[in-house]
Amino acid sequence: MLKSLQIENIAIIEKASIGFSDGLNVLTGETGAGKSIIIDSINAVTGEKTSRELIRTGESSAFVNALFCDISDNIKALLEENGLPVEADGTLLLQRRLYKDGKNACRVNGMNVTVSMLKSIGMKLINIHGQRDSQELLDAERHIDFVDSFAHNSDLLNKYRESFEKLCLVQSKIRSLQKNEAEKERKIDLLTYQINELEAADIKPGEAQKLNKQKTFLNNSVKLASALKNAVIALNGDGEINGSYSLMNSAQREINSVVSITKELSQLCEMLENAKNTVDEVSGVLDDVLRQLEDIDGDINLIEERLDLLYKLSKKYGQTEEEMLAFLENAKEELENISLSEEKQEELKKEEIKLLEETEALAENLTQCRKTAGEKLSQAIIDELRFLDMPNVIFVCKFSETPFSDKGKDSIEFLISANPGEEPKPLNKTASGGELSRIMLAMKSVLTSKDGADTLIFDEVDSGVSGSAAGKIAVKLSKVAKNAQVLCITHLAQIAAFADEHYFLSKSVVDSKTYTSVKVLNVEERAKELARITFGDNADTMQIYSAEQMIIKAKQQKAQ
């Protein structure tokens, strides 16, 4: 149960420390004193979504500290599963600091945790039932959730959802394969054309580079051959002129004719001989190159046509030959997949039939479970409402079949008749505010017995209720408080009279700032507060005495 709550800088509460007791804890106070802020603070420390607007004006952060004692074995197991410390004395400390920038700092028994982890623990510690829950009762789409909660059928529901999700996936694949046959034919035509075009081109990696090199060579071959032939003539001569080789021979002969006269000239002859050898060698290389030029087999027009084709294909299928060939392989694979789609579609249809049967069977089991739970829930609600001053009430869980959804094939709506002779009708068309509050209390009382939380919080469960009905609600809350700790915010003296501990919230303004304080009332103060709630701020002695008698009578009823 919730042992104590410390609040800092939450809205108009600068600082407050509240120690809660077993049984029924009632909170009262003037309008705007901060009763709802207590609930907001508990929501925050148990991991619920909060707003930075909750932080007190002028402060950079807010802090909530909640100490629980005598935690259940289920909570201890949850802590151990998540590697969180378990205190030997059975206490559990939850802490959360909220910052203006939206960040959070959460701790469980001193260890840092995420907000989601804080929430998973908090939801097993506390159930908060407020006016919003009453509005949820008006939403017929939520009624199936109430029945499921009562039925405790989460395992069966999860099995159904797993099968349903598989069915949806298979059906989605089938629709995708069947979608737009014309589009499929268009795609086949396009892929076939692309494959044929690329295969006909017979592209080779590195082909364009080779062709460009060959083109450059061919474009310059005439100029190259002419230059080389002129060089050969210059070296060897032709029929009309003497080449350098012939001229060096003549020079060598002339020098040799006078070597006997001057011996020093013999060295020049040797030099001319070497030069002749060099010219002869160059001439041989030039002859080889000229023969290669004569053997070149290439049509410049054909090369240019091929290069033009490769360029056009590169604009469609990829810049390089490798990219174009990769496109070709992908196109072949895609065409093959389309061709196999009919075979795949038949396989999926067989799987769909199997999953339909499985999903149908699970949905039927879910329906039967819900109908059984719905009958029990209806009777339990009727029993609760008759105690809460609605003696002629009829409450029905109306079932209707729907197409498969993630919740099964059921639609459930709560119908009620509060008066004899009236047919049960939807809650949102017949229930008054006071009836809705009692239905909510009855619903939560029934569901709480299955929830397992040790602390229950009722936020203004008395809305729209007065007279004997209010007294019955007080008795019901008191009975619930015998098995669980109950915190109740109320505006009714009949309910406050049954409190085991009564907390009064008041506010004051100091230096243009609002402050809230929380005080535990003694017996005398309780009587004055009940008189204020009933008769106003200026209650007289007799009215206070009447409030005292109300407290005494409530104590007697609780003892019975």
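The values are calculated or read from the model by the stated rules, or taken from the named source; none is laboratory data. Remember, it's a predicted structure, so these values are computed and weren't measured experimentally. Virtual Cβ from ideal backbone geometry, glycine too; neighbours counted across all protein chains shown.
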| remark: Conditions (1) farther than 25 Å from Gly464 by Cβ; (2) over 44 Å from the mean Cα position of the chain (by Cα); (3) surrounded by 12 or more Cβ atoms within 10 Å (Cβ to Cβ) -> Gln556 fails only (3)
| request: Name the one entry in Ile42, Ile13 that is assigned by TED's automatic domain parsing to the domain that holds Phe498, surrounded by 17 or more Cβ atoms within 10 Å (Cβ to Cβ) and under 16 Å from Tyr515 (Cα atoms). | output: Ile13
| request: Could you please let me know if Thr516 is closer than 17 Å to Thr31 by Cβ and at pLDDT below 90? | output: yes
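Each row is one residue, and each column tells you yes or no for (1) over 22 Å from Asp139 (Cβ atoms); (2) in a strand (DSSP E or B); (3) without any contact (Cβ under 8 Å) to a residue 60 or more places away in the chain.
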site	(1), (2), (3)
Leu362	yes, no, no
Leu377	no, no, no
Glu401	no, yes, yes
Ile439	no, no, no
Met443	no, no, no
| Does Phe414 qualify as being in contact with a strand residue (DSSP E or B) (Cβ under 8 Å, 6 or more places away or on another chain) and of a type in the set (Phe, Trp, Tyr)? | yes
| message | I'd like to check something: does the stretch 266-287 contain any residue that is within 30 Å of Leu156 (Cα to Cα), assigned to a helix (DSSP H, G or I), in contact with a helix residue (DSSP H, G or I) (Cβ under 9 Å, 6 or more places away or on another chain) and not β-branched (Val, Ile, Thr)? | response | no
| field | Number of positions in the stretch 547-560 that are touching a Ser or Thr at 6+ places or on another chain (Cβ under 8 Å) and free of Cβ contacts under 8 Å to residues at least 60 places away in the same chain | value | 1
| Quick check: is even one residue across the stretch 204-213 modelled with pLDDT of 80 or more, part of a helix (DSSP H, G or I), within 30 Å of Asp280 (Cα to Cα) and out of contact with any Phe, Trp or Tyr (no Cβ under 8 Å at 6 or more places or on another chain)? | no
| query | Does any residue in the stretch 34-57 that is over 12 Å from Gly122 (Cα atoms) come within less than 6 Å, Cβ to Cβ, of a residue that is hydroxyl-bearing (Ser, Thr, Tyr) six or more places away or on a different chain, and which pairs are these? | reply | Gly34/Thr516
| remark: Filtering the stretch 347-375 down to residues that are surrounded by 15 or more Cβ atoms within 10 Å (Cβ to Cβ) and of a type in the set (Lys, Arg) yields Arg370, Lys371
| query | Restricting to the stretch 501-532, what's the tally of residues that are closer than 26 Å to Ile10 by Cα, touching a residue at least 12 places away in the same chain (Cβ under 8 Å) and not in a strand (DSSP E or B)? | reply | 2
| Pairs under 6 Å by beta carbon, first residue small (Gly, Ala, Ser) in the stretch 476-490, partner part of a loop (DSSP other than H, G, I, E, B) and at pLDDT below 85, six or more apart or different chains? | Ala484/Asp454
| said: Considering only the stretch 457-465, I want to know if a residue exists there that is of a type in the set (A, V, I, L, M), buried (at least 21 other Cβ atoms within 10 Å of the Cβ), outside the structural domain of Ile55 (by TED's automatic domain parsing) and under 41 Å from the mean Cα position of the chain (by Cα). | reply: no
| query | So, in the stretch 98-141, of the ones that are among the aliphatic types (A, V, I, L, M), modelled with pLDDT of 85 or more and assigned to a strand (DSSP E or B), which residue ends up farthest from Ile412 (Cα to Cα)? | reply | Met111
| field | Qualifying residues in the stretch 142-187 (those that are of a type in the set (Val, Ile, Thr) and in contact with a Leu (Cβ under 7 Å, 6 or more places away or on another chain)) - the one nearest to Ser411 (Cα to Cα) | value | Val147
| query | Here are Glu422, Glu435: which of them is under 18 Å from Leu138 (Cα atoms) and either touching a residue at least 24 places away in the same chain (Cβ under 8 Å) or not in a strand (DSSP E or B) (or both)? | reply | Glu435
| request: Identify the single condition in (1) buried (at least 20 other Cβ atoms within 10 Å of the Cβ); (2) closer than 16 Å to Glu30 by Cβ; (3) in the same structural domain as Thr28 (by TED's automatic domain parsing) that Arg532 does not satisfy, given that it satisfies every other one. | output: (3)
| request: Give the residues of the stretch 159-195 that are on the phi < 0 side of the Ramachandran plot, modelled with pLDDT under 95 and of a type in the set (S, T, N, Q), sorted by residue number. | output: Gln171, Ser172, Ser176, Gln178, Thr192, Gln194
| note | Within the stretch 40-54, residues over 10 Å from Gln95 (Cα atoms) and in a helix (DSSP H, G or I) come out as Asp40, Ser41, Ile42, Asn43, Arg52, Glu53, Leu54
| message | If I filter the stretch 296-303 for residues that are farther than 30 Å from Asp238 by Cβ and under 60 Å from the mean Cα position of the chain (by Cα), do I get at least one hit? | response | yes
| task | Assess whether Val170 counts as being β-branched (Val, Ile, Thr), farther than 20 Å from Glu364 by Cα and not assigned by TED's automatic domain parsing to the domain that holds Glu323. | result | yes
| How about the stretch 68-85: which of its residues are not charged (D, E, K, R) and not in a loop (DSSP other than H, G, I, E, B)? | Phe68, Asn74, Ile75, Ala77, Leu78, Leu79
| said: Taking the criterion of being at pLDDT below 80 and in a helix (DSSP H, G or I), would at least one residue in the stretch 251-265 satisfy it? | reply: yes
